[in-house]
Each structure stands twice: as C-alpha cells, then as structure tokens.
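Q: Have a look at this one before I ask anything.
The values are calculated or read from the model by the stated rules, or taken from the named source; none is laboratory data. Everything numeric in this text was worked out from a predicted model, so none of it was measured. All Cβ positions, glycine included, derive from the backbone under ideal geometry; neighbour counts span all protein chains shown.
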Amino acid sequence: MKNIFLAAAMLTTIVSCGQKELVTDAPVTPPPVVPPVVASFRVLDSTQMDNDLKALSSDAFKGRKAGMAEVVLSHQLIQSRLRQAGVDSFATGFMQEFSYLGLDRKNFLGLVKGTLYPDKYIVVGAHFDHLGVDGSGVVYHGADDNASGVAATLAMAKYFHQHKPTHSIIFALWDGEEIGLRGSAYFVNNLPAGLDLSKIKFNLNADMLARSDNNSIWASGLSHYPEYAYLVDSIKSKSATQLKSGYDKPTDPQDWTFLSDHGSFYNKNIPYLYLGVEDHPDYHKVTDTYDKINPDRFTENANIFAQMAILLDRKLN
C-alpha cells in the first residue's frame, strides 16, 4: 500500500512541474470528520450513584425507617437530587404524603414529560425505606435493600432530563415497602391530579441491584407479560452481568410477583418488570452494608435498569 502512495506522489510532482499554470494557492477544505456513533451501555452517573448509596446506607441514616427523626435525611437527599436533576413535579410538589399506623410517610415523585406521548406514562421506581435499628440500636443499613435501587432511580431522573424521552416518565421513590408496599399502593389509589390509571402504561421497579455476587441479576414479570421479553433479550447480550428471567410464577423456587412495589401495579393490571438479585446472606440483616457492594457490578446492574427504560420508551405503544 505504501508503494502505491509513493507512486501517486511522484506522478503528482511530475505533473505539477510540467504544468505550472495549473497550480493554485487556493486552500483546499477537507471534508468534515463525522465521529462514529457509539451507543454507550453505561449512561448513568456512577459517581453520584455510589455517593448516594453510601450515604443512604450510612449509620447517620439509621436504617431509613419512618417514625425515626433520621428519616428526614433520606427525604432531604432524595428531594435534593430531584431538584438537581431538574425534573418537574406534580402540582403538590415532589412529596406525596400519606399516613399509615399513625405515622406520617412520604413518597417522592419526579416527572419528565414525554416529547411525543406526554399522556402515556412509565413509572420508574424503588423504595427507600428499610428496617431501622434493632432493639440494641444496631443499624439495619439496607445498602442493597434498597439504597441501590434509590441511587439508580435518582441517576435515571438526571439522565432522562438531559435525554428527553418520548413518553412521560415518573421517577418514584416509595415509602412503606417493607410493611406491605404501602407507598406504591397509596400512589395507585391516590394518583396526582390529571393522572389516571389508563395513562400508566408500565412500571419498572428496582429492588436490590448491588449484590450480584454470582454475577447474575433477575428480571421478574415476563411470565405475566411475555410480550415484553425484548426488554431482556435485547439487553442480555450487551451486559457483563448475566441477565436472567424468572421468579414470577408459583412453580419457580420463589414467586416475586407481590414481593416489592411492582405488586401494587400488577393489582391494577398495569404491566411491570422487576429487576433485582436473589436473596443473599445479608438480606434483611444488619450486615447489608456498603462495604459488601462491588461498585463495578452495581454500576453495570443500574445501567441494565436504565437500558430497559430507554428501550421501553422506544418501543412502547
């Protein structure tokens, strides 16, 4: 190949020398360089996610249980991130307040309106509450369950504000999951003004994203909604984590249909997909701590969640 270039250069020199009248000093404008389009799998702010997971599962947050004074730290972090992301709110603001067992509780709802289908909504959510402290004051940190899902959801709010979706997306942080899906149940039965169930087309729920110790994570719900299998099939070949489907029917080792906030949507005939890892030895133990998290695996799994939302927004009718 080099010899061809050399011969061409010599020919150009000969022609130029023999036909000087054709030489011009006019500058030659090179064609514009078009950078290749690279579709990045990891689109979320990993630094923000790691900081939020670490904070939410720290001793200062006291296990994020309603009724404890420290739960306000969770409220402040979530509301601050939604504001920083620049997402909208409903008429009553980011907070949706309710009461259960005599205690004031709060869901948090951020909103990005769709560019093409503003009246069709996807709800992306995770619960922020956990178990608090034990009788001796030892903290149930809840790093995986579910500081991980909260951190991922807040990072997704930031991403979708910057990359506007075609459908409207509600970013929901639920209270009261650990005592019977109370926050998400309140939401589906007390929707913000202007929203009704017919407008909610899908729920993506994240609960325990950070402890894929066996390098696998599960998408649950496809036995109920097989038409959404593309959310797994189109992504699993692109991820370093083994993305599996199951845990959504009685014949499975466990049926997760009603074990997290997606159950509230299933009860209203709204399709869902739940992303989470299998139970591990630290599940609902005081040892579910930040130091057990592999940051790289958490980042990968959170981005699986994000890629599901991106794909759903593109293909949802």
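Q: List pairs: first residue in segment 241-254 and in a strand (DSSP E or B), second residue at pLDDT 95 or above and of a type in the set (S, T, N, Q) anywhere in the structure, Cβ distance under 7 angstrom, at least six positions apart or on different chains.
A: Close Cβ pairs satisfying both conditions: Gln242/Asn215; Gln242/Ser216; Lys244/Ser216.
Q: Got a sec? Which of Ser220, Ser216, Ser184 is more than 15 Å from Val277 (Cβ to Cβ) and of a type in the set (Ser, Thr, Tyr)?
A: Ser184
Q: Here's something else I'd like to know. Across segment 246-299, what is the number of residues that are surrounded by fewer than 19 Cβ atoms within 10 Å (Cβ to Cβ) and among the small types (Gly, Ala, Ser)?
A: 1
Q: Of the residues Tyr186, Tyr140, Tyr121, which single one is farther than 24 Å from Ser99 by Cβ, touching a residue at least 40 places away in the same chain (Cβ under 8 Å) and not basic (Lys, Arg)?
A: Tyr121
Q: Answer yes or no as to whether Ala155 is part of a helix (DSSP H, G or I) and in contact with a Leu (Cβ under 7 Å, 6 or more places away or on another chain).
A: Spelling it out, Ala155 is indeed part of a helix (DSSP H, G or I) and in contact with a Leu (Cβ under 7 Å, 6 or more places away or on another chain).
Q: Looking only at segment 85-100, how many residues end up being touching a residue at least 24 places away in the same chain (Cβ under 8 Å), among the aliphatic types (A, V, I, L, M) and in contact with a helix residue (DSSP H, G or I) (Cβ under 9 Å, 6 or more places away or on another chain)?
A: Count: 2.
Q: While we're here: If we scan segment 172-187, do we find a residue that is surrounded by fewer than 24 Cβ atoms within 10 Å (Cβ to Cβ), of a type outside the set (Val, Ile, Thr) and assigned to a loop (DSSP other than H, G, I, E, B)?
A: yes
Q: So, of the residues in segment 266-280 that are in contact with a strand residue (DSSP E or B) (Cβ under 6 Å, 6 or more places away or on another chain) and in a loop (DSSP other than H, G, I, E, B), which turns out to be farthest from Asp255 (Cα to Cα)?
A: Among those residues, the one meeting the criterion is Ile270.
Q: Could you tell me which of the residues Ser89, Ser74, Ser57 is surrounded by fewer than 23 Cβ atoms within 10 Å (Cβ to Cβ) and not basic (Lys, Arg)?
A: Result of the check over Ser89, Ser74, Ser57: Ser89.
Q: Could you say whether any residue in segment 216-236 is within 22 Å of Ala147 (Cβ to Cβ) and either surrounded by fewer than 24 Cβ atoms within 10 Å (Cβ to Cβ) or at pLDDT below 95 (or both)?
A: yes
Q: Going by what's in this entry, would Ile169 be described as buried (at least 23 other Cβ atoms within 10 Å of the Cβ), over 19 Å from Leu77 (Cβ atoms) and at pLDDT 95 or above?
A: Yes, satisfied.
Q: Please go through segment 281-317 and pick out each residue that is aromatic (Phe, Trp, Tyr) and out of contact with any strand residue (DSSP E or B) (no Cβ under 8 Å at 6 or more places or on another chain).
A: If the condition is that a residue be aromatic (Phe, Trp, Tyr) and out of contact with any strand residue (DSSP E or B) (no Cβ under 8 Å at 6 or more places or on another chain), then Tyr283, Tyr290, Phe298 are the ones that fit.
Q: Got a sec? Which of Asp196, Asp134, Asp119 is modelled with pLDDT under 95, more than 18 Å from the chain's Cα centre (by Cα) and surrounded by fewer than 20 Cβ atoms within 10 Å (Cβ to Cβ)?
A: Only one candidate passes the filter, namely Asp134.
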